[in-house]
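Q: I'd like to ask you about the structure that follows.
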Amino acid sequence: MMKRRTLLTTALAAAVALSAPAFAAKPLVIGFSQVGAESEWRTANTVSIKDAAKKEGVTLKFADAQQKQENQVKAIRSFIAQRVDVIAFSPVVESGWDTVLREAKRANIPVILTDRAVNVSDPSLYVSFLGSDFVEEGRRAGRWLVERQKKTPDAALNIVELQGTVGSAPALDRKKGFEEVIAGNAKLKVIRSQTGDFTRAKGKEVMEAFLKAEGKKINVLYAHNDDMAIGAIQAIEEAGLKPGKDIIVISIDGVKGAFEAMIAGKLNVTVECNPLLGPQLMQIAKDVAAGKPVPKRVVTQEGVFPAEVAAKEFPNRKY
Ligand code: GZL
């Protein structure tokens, strides 16, 4: 009798185990507020984040702010109302985030910064910042030019600068790093500096104004991203000058368009700024949600690509 009862109990337990659906953990829900779609870099960044979320089975609520801070604040408030597990965003500008990030903190929703930094009074308002060192990117651009200038030691080089979005971390820091390196070099002088808002159209428009005002006095263009450089290259050609020769062109990002311009001899160097942050973002978000410690700062690894290596490197480019 005992034997039969044990057999029956075992059979019942097996039946229950087989029939009960595997207890699937609820998928992680991340609310992501993206700057916009202003550049090749941004497009690659968005693709990386969406692909990584899909691969990790993360539910991604994605909002494009069209480069407006008020849209990012609205999106973050919406994520709080939806009780997402984690909020991540690339802040379009550095300041103006304290209030909404305090609301996220009060709601116990951790915030991860990707790509760009914020200026907040309380660093506990975000758990981690994953992105490039923009000051170093500006230094790398400056170092390339200092070395280039040594080839013509007696020539003074007048530089025009296309800055990124006003108030954004990459614009502030890339300007700072570049100036730090060229400071004290009497042969290198920035004669005009204005924002092109990281877009091709605005970069072309501002370069046209620079050319109108300074004409052949311009020896170098330093653009805070490849998209503005590519727009400026069109303006330089339309002015009857040769970009990459009559005007040295230096830019940052390392997108495919920059490699194509270097191969065509129209761009002299691009400083890489890696947009492929998706996998690292998903890992940090999962760790945060699981209550694991995460690094406060994760700096992405990047290089510098002068025109001489563009053709060889191009097939390896992932964005
Ligand atoms: C840099 C990123 C910048 C890129 C631009 O991490 O924030 O914004 O350099 C993009 O191309 O628009």
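Only the coordinates and a few stated rules stand behind these numbers; no lab work does. Please read all numbers here as calculations on a predicted model, not as lab measurements. Please note: Cβ atoms are built from the backbone with ideal geometry, for glycine as well, and neighbour counts cover all protein chains shown.
Q: So what are the ³J(HN,Hα) numbers for segment 241-258, from phi and the Karplus equation (6.51, -1.76, 1.60; θ = phi - 60°), rounded to whole Hz, Gly and Pro as x?
A: These are the phi-based 3J(HN,Hα) values: 10, 9, x, x, 10, 5, 10, 5, 10, 10, 9, 9, 2, x, 7, 4, x, 6 Hz.
Q: Just want to confirm a number: the relative contact order over segment 190-319, from Cα pairs under 8 angstrom separated by 6+ residues, in percent.
A: With pairs under 8 Å counted, the relative contact order is 20 percent.
Q: Let's test the formula: R0 of 22 Å, r as the Cβ-Cβ distance of Thr43 and Glu260. What FRET efficiency results, to the nearest 0.05?
A: Computed FRET efficiency for Thr43 and Glu260: 0.90.
Q: Just flag the trypsin sites (Lys or Arg not before Pro) in segment 103-164 sitting in loop per DSSP whose Cβ has no more than 13 other Cβ atoms within 10 Å.
A: Lys150, Lys151
Q: In addition: Karplus couplings for segment 161-166 from phi (6.51 cos²θ - 1.76 cosθ + 1.60, θ = phi - 60°), rounded to Hz, Gly and Pro as x?
A: 10, 9, 7, x, 4, 4
Q: Compute the distance in nm between two label points, each set 7 Å from the Cα along the Cα-to-Cβ direction, one at Arg106 and one at Ala311.
A: Calculated label separation equals 6.2 nm.
Q: Let me spell out the model: positive unit charges on the Cβ of Lys and Arg, negative unit charges on the Cβ of Asp and Glu, origin at the Cα centre of segment 80-142. What dipole size does that give, in debye rounded to 20?
A: Around 160 debye, computed over segment 80-142.
Q: Quick one: length gained pulling Arg297 to Ala25 fully straight, 0.36 nm per residue minus the C-alpha distance?
A: Roughly 95.0 nm would be gained on extension.
Q: Where the only charges are on Cβ atoms (+1 Lys, Arg; -1 Asp, Glu), what is the dipole of the chain about its Cα centre, to the nearest 20 debye?
A: The dipole of the chain has a size of about 1160 debye.
Q: Where does the chain land at 222 nm, in deg cm²/dmol rounded to the nearest 500, when only DSSP H runs of n ≥ 4 count, each adding -39500 (n - 2.57), divided by all residues?
A: Dividing the helical sum by the residues of the chain leaves -14000 deg cm²/dmol.
Q: Extending each Cα 7 Å along its Cβ direction at Thr152 and Lys187, get the distance between those two points in nm, one decimal.
A: So the label points at Thr152 and Lys187 sit 1.0 nm apart.
Q: Between Ala81 and Lys245, what is 0.36 nm times their sequence separation minus the Cα-Cα distance? Round to one decimal in nm.
A: 53.6 nm
Q: In addition: Expressed as a rounded percentage, what relative contact order does the chain have, with Cα pairs under 8 Å and six or more residues apart?
A: This gives 17 percent for the chain.
Q: Hey, what D do you get for the chain in µm²/s if you plug the Kirkwood alpha-carbon radius into Stokes-Einstein at 37 °C and 0.692 mPa s?
A: Result for D is 153 µm²/s.
Q: Using the Cα centre of segment 217-319 as origin and beta-carbon charges of +1 (Lys, Arg) and -1 (Asp, Glu), tell me which of Gly231, Ala261, Ala290 is placed farthest towards the positive end of the dipole.
A: Ala290
Q: Quick one: Karplus J couplings for segment 94-109, per residue in order, coefficients 6.51, -1.76, 1.60, θ = phi - 60°, nearest Hz, x for Gly and Pro?
A: Each residue of segment 94-109 in turn: 6, 9, x, 10, 3, 4, 5, 6, 5, 5, 5, 5, 4, 8, 6, 10 Hz.
Q: Given points 7 Å out from each Cα along the Cα-Cβ axis, report the Glu237 to Val166 separation in nanometres with one decimal.
A: Rounded to a tenth, the inter-label distance reads 3.1 nm.
Q: So for segment 134-273, averaging the separation of alpha carbon pairs under 8 Å that are six or more residues apart and normalising by length, what relative contact order in percent results?
A: 25
Q: Taking amide hydrogens as modeled 1.01 Å from N in the peptide plane, which residues meet the under 5 Å criterion relative to Val304, leaving out close sequence neighbours?
A: Those qualifying (amide H under 5 Å, at least 5 residues apart or on another chain) are Glu272.
Q: Within 10 Å of each candidate Cβ there may be at most 16 other Cβ atoms; applying that plus a DSSP loop requirement, which trypsin sites (Lys or Arg not before Pro) in segment 252-319 survive?
A: Lys296, Arg317, Lys318
Q: Just subtract the alpha-carbon distance of Lys54 and Ser95 from 0.36 nm times their residue separation and send over the number in nm, one decimal.
A: Difference between extended and current length: 11.6 nm.
Q: Would you please give the residues with an amide H less than 5 Å from that of Leu157, counting only those at least 5 places away or on a separate chain, with H modeled from the backbone geometry?
A: Leu188, Lys189
Q: Mind checking the dipole of segment 134-273: about its Cα centre, +1 per Lys or Arg Cβ, -1 per Asp or Glu Cβ, Debye to the nearest 20?
A: Magnitude of the dipole: close to 460 debye.
Q: For Asp246, which sequence-distant residues (separation of 5 or more, or a different chain) have an amide H within less than 5 Å of its own amide H, given hydrogens modelled in the peptide plane?
A: none
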